[in-house]
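Visitor: Quick one: structure below, then a few questions.
The values are calculated or read from the model by the stated rules, or taken from the named source; none is laboratory data. Computed from a prediction, not measured in an experiment: that's the story for all the values here. Virtual Cβ from ideal backbone geometry, glycine too; neighbours counted across all protein chains shown.
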Amino acid sequence: MKTAYGFSLLLFIAACSCNKIRSGDSLSKDNIAYIQGLGLLDKDEHIIQFYSNFKFKAAGNFYTDKRIAHYWLEAEKPEECDTSFAYYQNIRAIDTVYYAGATYSPYMEITRTNGSKFKVYGGGKKPELKAFFEGAMKLWGEKKGN
């Protein structure tokens, strides 16, 4: 049993480690339609950068010209499904965690003005991760007062 668990964990980590932060322009029309169907993207909204810490339809983390968003969908465990977002003007703070432990992805913790929180994950090489986090924080800084 211990070996099967270890293998599953290794397979999960391997699947996640090859995912890269992508430009929103690299997403297909079907990908965009899927995210719109989740209620996380308006028709006139543009994804700047996107990262999936698993399979595209199961997990996504991104920021747009209007918001920062995250989704985690598990068919086998609907109680663990989550779609979260905040428009820039509704974000009070963004905290970054670049090292979240050996088996977890780095993340930004988004705190909304109402005090609720959610995480947006990133991955890949440090320069790309840094650009992802800093790009989201820069847009927040520019748009939070609008």
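Visitor: Does Asn19 satisfy the condition of being touching a residue at least 40 places away in the same chain (Cβ under 8 Å) and closer than 26 Å to Lys77 by Cβ? Explain how you work it out, then say what you get.
Guide: On the way: touching a residue at least 40 places away in the same chain (Cβ under 8 Å): yes; closer than 26 Å to Lys77 by Cβ: yes.
So Asn19 passes the test.
Visitor: Now, a different point. Restricting to the stretch 15-42, what's the tally of residues that are modelled with pLDDT under 50 and within 15 Å of the chain's Cα centre (by Cα)?
Guide: So the answer is 2.
Visitor: Of everything in the stretch 77-135, what is of a type in the set (S, T, N, Q) and in a loop (DSSP other than H, G, I, E, B)? Give them in sequence order.
Guide: First, the residues of the stretch 77-135 that are of a type in the set (S, T, N, Q): 83-84, 89-90, 96, 103, 105, 111, 113-114, 116.
Across the stretch 77-135, the qualifying residues are Thr103, Ser105, Thr113, Asn114, Ser116.
Yes/no matrix, rows are residues, columns are (1) among the small types (Gly, Ala, Ser); (2) under 19 Å from Ile47 (Cβ atoms); (3) out of contact with any Leu (no Cβ under 7 Å at 6 or more places or on another chain); (4) crowded, with 19+ Cβ neighbours inside 10 Å:
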| residue | (1), (2), (3), (4) |
| --- | --- |
| Glu109 | no, no, yes, no |
| Asn114 | no, no, yes, no |
| Gly122 | yes, yes, no, yes |
| Glu134 | no, yes, yes, no |
| Lys143 | no, yes, yes, no |
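Visitor: Now for a different question. Among the residues of the stretch 26-45, write down those that are under 14 Å from Asp82 (Cα atoms) and assigned to a loop (DSSP other than H, G, I, E, B).
Guide: Within the stretch 26-45, Leu38, Gly39, Leu40 meet the criteria.
Visitor: Here are some residues: Phe62, Phe54, Phe12. Which one is modelled with pLDDT of 95 or more and under 21 Å from Lys126 (Cα atoms)? Reasoning before the result, please.
Guide: Values: Phe54 fails: modelled with pLDDT of 95 or more; Phe12 fails: modelled with pLDDT of 95 or more.
Phe62 is the lone residue from the list that is modelled with pLDDT of 95 or more and under 21 Å from Lys126 (Cα atoms).
Visitor: Does the stretch 67-77 contain any residue that is touching a residue at least 60 places away in the same chain (Cβ under 8 Å), touching a strand residue (DSSP E or B) at 6+ places or on another chain (Cβ under 6 Å) and surrounded by 14 or more Cβ atoms within 10 Å (Cβ to Cβ)? Steps first, please.
Guide: Keep residues of the stretch 67-77 that are touching a residue at least 60 places away in the same chain (Cβ under 8 Å), which gives 68.
Applying the additional criterion that residues be touching a strand residue (DSSP E or B) at 6+ places or on another chain (Cβ under 6 Å) yields 68.
Restricting the remaining residues to those that are surrounded by 14 or more Cβ atoms within 10 Å (Cβ to Cβ) gives 68.
Yes: the stretch 67-77 contains one or more residues that are touching a residue at least 60 places away in the same chain (Cβ under 8 Å), touching a strand residue (DSSP E or B) at 6+ places or on another chain (Cβ under 6 Å) and surrounded by 14 or more Cβ atoms within 10 Å (Cβ to Cβ).
Visitor: So in the stretch 46-76, with the set limited to residues that are assigned to a loop (DSSP other than H, G, I, E, B) and in contact with a Gly (Cβ under 8 Å, 6 or more places away or on another chain), which one is farthest from Glu109 (Cα to Cα)? Full working, then the answer.
Guide: So in the stretch 46-76, the residues assigned to a loop (DSSP other than H, G, I, E, B) come out as 46, 52-58, 65-66, 73-76.
Remaining after also requiring in contact with a Gly (Cβ under 8 Å, 6 or more places away or on another chain): 46, 52-53.
Working: His46: 22, Ser52: 16, Asn53: 15 Å.
Ranking the qualifying residues of the stretch 46-76, first place goes to His46.
Visitor: Quick one: would you say Lys55 is of a type in the set (D, E, K, R), surrounded by 15 or more Cβ atoms within 10 Å (Cβ to Cβ) and within 19 Å of Gly37 (Cα to Cα)? Spell out how you get there, then give the answer.
Guide: Numbers: of a type in the set (D, E, K, R): yes; surrounded by 15 or more Cβ atoms within 10 Å (Cβ to Cβ): no; within 19 Å of Gly37 (Cα to Cα): yes.
No, not satisfied.
Visitor: Going by the conditions given, is Leu139 in a helix (DSSP H, G or I), touching a helix residue (DSSP H, G or I) at 6+ places or on another chain (Cβ under 9 Å) and crowded, with 16+ Cβ neighbours inside 10 Å?
Guide: On the way: in a helix (DSSP H, G or I): yes; touching a helix residue (DSSP H, G or I) at 6+ places or on another chain (Cβ under 9 Å): yes; crowded, with 16+ Cβ neighbours inside 10 Å: yes.
Judged against the criteria, Leu139 is a match.
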